[in-house]
2 protein chains.
Amino acid sequence: MHLTLENPLDMHLHLREREMLALVAPCSAAQFAGGVIMPNLVQPVDSLERLRAYRAAILDACAGEPFTPYMTLFFRSYHREELLAARDEIIGLKLYPAGITTQSESGVRDFDRIGDTVALLEDLDIPLLVHGETDGFVMEREREFLRVYQWLAETFPRLRLVMEHITTAEAVELLDRYDNVGATVTLHHLLITLDDVVGGLLQPDLFCKPIAKTPRDREALRQAVLAGHPRLMFGSDSAPHPRHKKECCGCAAGVFSAPVLLPALAQLFEEADCLERLADFVSHHARRFYRLRPPHKQVHLVRAPWTVMEQYETLRPFLAGQTLRWRVEKRP
Amino acid sequence: MHLTLENPLDMHLHLREREMLALVAPCSAAQFAGGVIMPNLVQPVDSLERLRAYRAAILDACAGEPFTPYMTLFFRSYHREELLAARDEIIGLKLYPAGITTQSESGVRDFDRIGDTVALLEDLDIPLLVHGETDGFVMEREREFLRVYQWLAETFPRLRLVMEHITTAEAVELLDRYDNVGATVTLHHLLITLDDVVGGLLQPDLFCKPIAKTPRDREALRQAVLAGHPRLMFGSDSAPHPRHKKECCGCAAGVFSAPVLLPALAQLFEEADCLERLADFVSHHARRFYRLRPPHKQVHLVRAPWTVMEQYETLRPFLAGQTLRWRVEKRP
């Protein structure tokens, strides 16, 4: 059995820089027509100059495989002129609360002071992508942040707002209250709960932010995604860290899922008997919400067993060693 | 300022075997008059013969420092004669649900079949110590197990039952419903929550079973302990694993707290303005519940800054690198 996806998109992707970029970009380019590139580099991508250099580096790393990097600027206070100049080259601004995740130290400390820039985004019709967590108790951070989403959605009703990598039942509920709000969901938050991270032996490879939540939360995510909620978009949040940073004392957050995304998603949708909705989740919903017209690209999957590599150079991929029922088929 | 503790006791202690035993036993002997020794060795301590050999090895490892190992037998079906023969040499039986924590594979699989042995314990007045977790979602395992405690407490009203290393507000509440039920509380569950384990960088050194819970749970534990609940006893659950087993992919559960226990507890009780209750928590409650008469031993603390070593041989101790306000004073 074969499955051809037209323009699959990964709407939340960390590609890093230099050697790591060169290592991981081909994984994404092999499976997707494009992806939304996160700007939280060691030095954040918060100027058009840095953004252009980063996009060029990404295209270079894809080594001839067609892949559209949808660039984001790191949220800070921007002038109208800056945003006007950037508008045609970005898909949106990415907002991080300060210190909340990897390389987010220069993020927002005071939400009372973001209104002017957000108003500009609304006016210029530039989407706002948000890492929505407070600094509260780890299992409640997303739920606590929902009031910020609510405030943004109500104060800026024409703003296209994306709740990134949602993980809770309550975030799914919020989605239904505001037409101007969309959300990305990762593969790993559809598959794992906190149990997989700390329930048996500790699994550093599954440690990520937001942390995987409860079975009830995962069920709510799955139901909404598999039922085809039109404002839920696939975004992997694939986030590579070299193994020594994942397994030392105090290790970094991030699941490197890029090599397994479409095969694992196909398996999940097939198991739920709704394989026909996969294309909506990995492409159509995002194209509609963001009004994208990616250059045409097909990705082919074949229903044949495939065992995920234990190691991808210095990285351990999500689902390492597991055998999936689908694999990506390379066609010349 | 000085503080002298009469016969401090650690009512839940993992000393392991061989090199590890030799390494960690002196840490406990330096701070405690005795401790309840857990029987979940690679080959469980489930016969009087193994128990005697293990006690001898422990006394040997204490190297002249007076320390009473209160031995436990690993719970299985026992005959009356076996228990009669063991009674004077054990403080109780330790029950593990099968597979629930380190080296518990031979634990209880079917709680419907433990009644005969538990009835013997009640009849012979031998305490039952229980690792109370189900195999459910990691944050709910203890709460789910409370119905087993409840069943035991009600079915065997004369049995002395100890809920080991409790971590939840609901376990504290249950304590008040049954006079025949006691509980141990660790140092680390009084200090940390899940936030400390997975809220920032991942901290393998703080990964333990039961997993640290929510701020609300920690607050309930603290309140009950610091208010001097008479059936709450200190039990460290200090559980050494060599560093390579703590920090590899899939690392082992256990906090090695033995080197810091009394200084950290003194600080906690002092901060809550109830230092006078420390002796109850670390000695009197256990002596009363278990009716113990340990050989006389004093341990002296002095209020002077002490920085916890970063590394104790192959182990990383709890609170490594932190400066505490109390230290143990060695008197010749």
Put +1 on the Cβ of every Lys and Arg and -1 on every Asp and Glu Cβ in the stretch B:2-329; which of B:Leu23, B:Thr134, B:Ser104 then has its Cα farthest towards the positive end of the dipole? B:Leu23
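According to the square roots a ≥ b ≥ c of the eigenvalues of the Cα gyration tensor, what is the shape class of chain B, taking rounded for a/c under 1.5, prolate for a/b larger than b/c otherwise, and oblate for the remainder?
Numbers: a/c = 1.33, a/b = 1.24, b/c = 1.07.
The shape class here is rounded.
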What Kirkwood hydrodynamic radius do you get for the protein assembly as shown when you take the inverse of the mean 1/r over all pairs of distinct Cα atoms, in Å? 27.2
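What does the charge count around A:Val328 come to, taking other residues whose C-beta lies under 14 Å from its C-beta (Lys +1, Arg +1, Asp -1, Glu -1)? Show your work: numbers first, answer last.
Working: positive: A:Lys297, A:Arg303, A:Arg325, A:Arg327, A:Lys330, A:Arg331; negative: A:Asp10, A:Glu65, A:Glu329.
Every neighbour counted, the sum reads +3.
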Mind jotting down the distance between the C-alpha centroids of the stretch A:1-53 and the stretch B:87-139, whole Å? 52
Set the bar at 29 Å for Cα to Cα. Now go through B:Lys213/B:Lys297; A:Lys209/B:Lys209; A:Lys94/A:Lys330; A:Lys94/A:Lys213; A:Lys209/B:Lys213 and name every pair that lies beyond it. B:Lys213/B:Lys297; A:Lys94/A:Lys330
With the charge dipole of the stretch A:2-329 built from beta-carbon charges (+1 for Lys and Arg, -1 for Asp and Glu) about the Cα centre, the Cα from A:Gly34, A:Gly200, A:Ala183 projecting farthest to the positive end belongs to A:Gly34
Enter the mean number of other protein chain beta carbons within 10 Å of the beta carbon of each residue in B:213-219, as an integer. 1
Can you list, shortest first in nanometers, how far B:Glu173 lies from the same residue in the other copies, with each label 7 Å from Cα toward Cβ? 2.1
7 Å along Cα→Cβ for the label point: how many nanometres lie between B:Gln43 and each equivalent label in the other copies, listed shortest first? 6.3
Net charge dipole size for the stretch B:2-329 [Lys, Arg +1 and Asp, Glu -1 on Cβ; Debye, nearest 20]: 360
How crowded by other chains is B:203-211, given as the mean number of beta carbons from other chains within 10 Å of each beta carbon? 3
Chain B, relative contact order in percent, only Cα pairs under 8 angstrom and at least six apart counted: 19
Which distances in nm, rounded to one decimal and ordered from shortest, link the label point of A:Pro66 to the equivalent label points in the other identical copies, with labels set 7 Å from Cα toward Cβ? 8.4
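Stretch B:Leu84-B:Asp176 to full length: gain in nm at 0.36 nm per residue minus the Cα-Cα span?
On the way: separation 92, 0.36 × 92 = 33.12 nm, distance 3.09 nm.
Computed gain between B:Leu84 and B:Asp176 is 30.0 nm.
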Quick calc, the protein assembly as shown, dipole around Cα centre from Cβ unit charges on Lys, Arg (+) and Asp, Glu (-), nearest 20 debye, gives 780
What figure in square angstrom, to the nearest 10, would you give for the accessible area of A:Cys251 with a 1.4 Å probe? 0
In percent, what relative contact order does the stretch B:57-213 have, based on Cα pairs under 8 Å that are 6 or more apart in sequence? 16
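How would you rank B:300-312, B:284-296, highest first, on the average number of other Cβ atoms within 10 Å across their residues? Before the final figure, lay out the partial values.
Details: B:300-312: 14.7, B:284-296: 16.7.
Going from most to least packed, we get B:284-296, B:300-312.
Lys and Arg at +1, Asp and Glu at -1: add these up for the other residues within a Cβ distance under 14 Å of B:Ala22 and post the number. Present the calculation step by step, with values, prior to reporting the outcome.
Numbers: positive: B:Arg16, B:Arg18; negative: B:Glu17, B:Glu19, B:Asp60, B:Glu65, B:Glu313.
Within the 14 Å Cβ shell, the charges total -3.
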Radius 11 Å from Cβ of A:His131, net charge of other residues (Lys, Arg +1; Asp, Glu -1): -1
For the stretch A:86-190: span of alpha carbons on each principal axis (Å, largest first): 35, 31, 26
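The values are calculated or read from the model by the stated rules, or taken from the named source; none is laboratory data. Keep in mind that this is a model prediction, so the values were computed, not measured. FYI the Cβ positions are ideal-geometry reconstructions off the backbone, even for glycines, and counts take in every protein chain you see. Heads up: the accessible areas ignore ligands, DNA and RNA and are worked out on the full protein's heavy atoms, side chains in. Shrake-Rupley method; radii C 1.70, N 1.55, O 1.52, S 1.80 Å.
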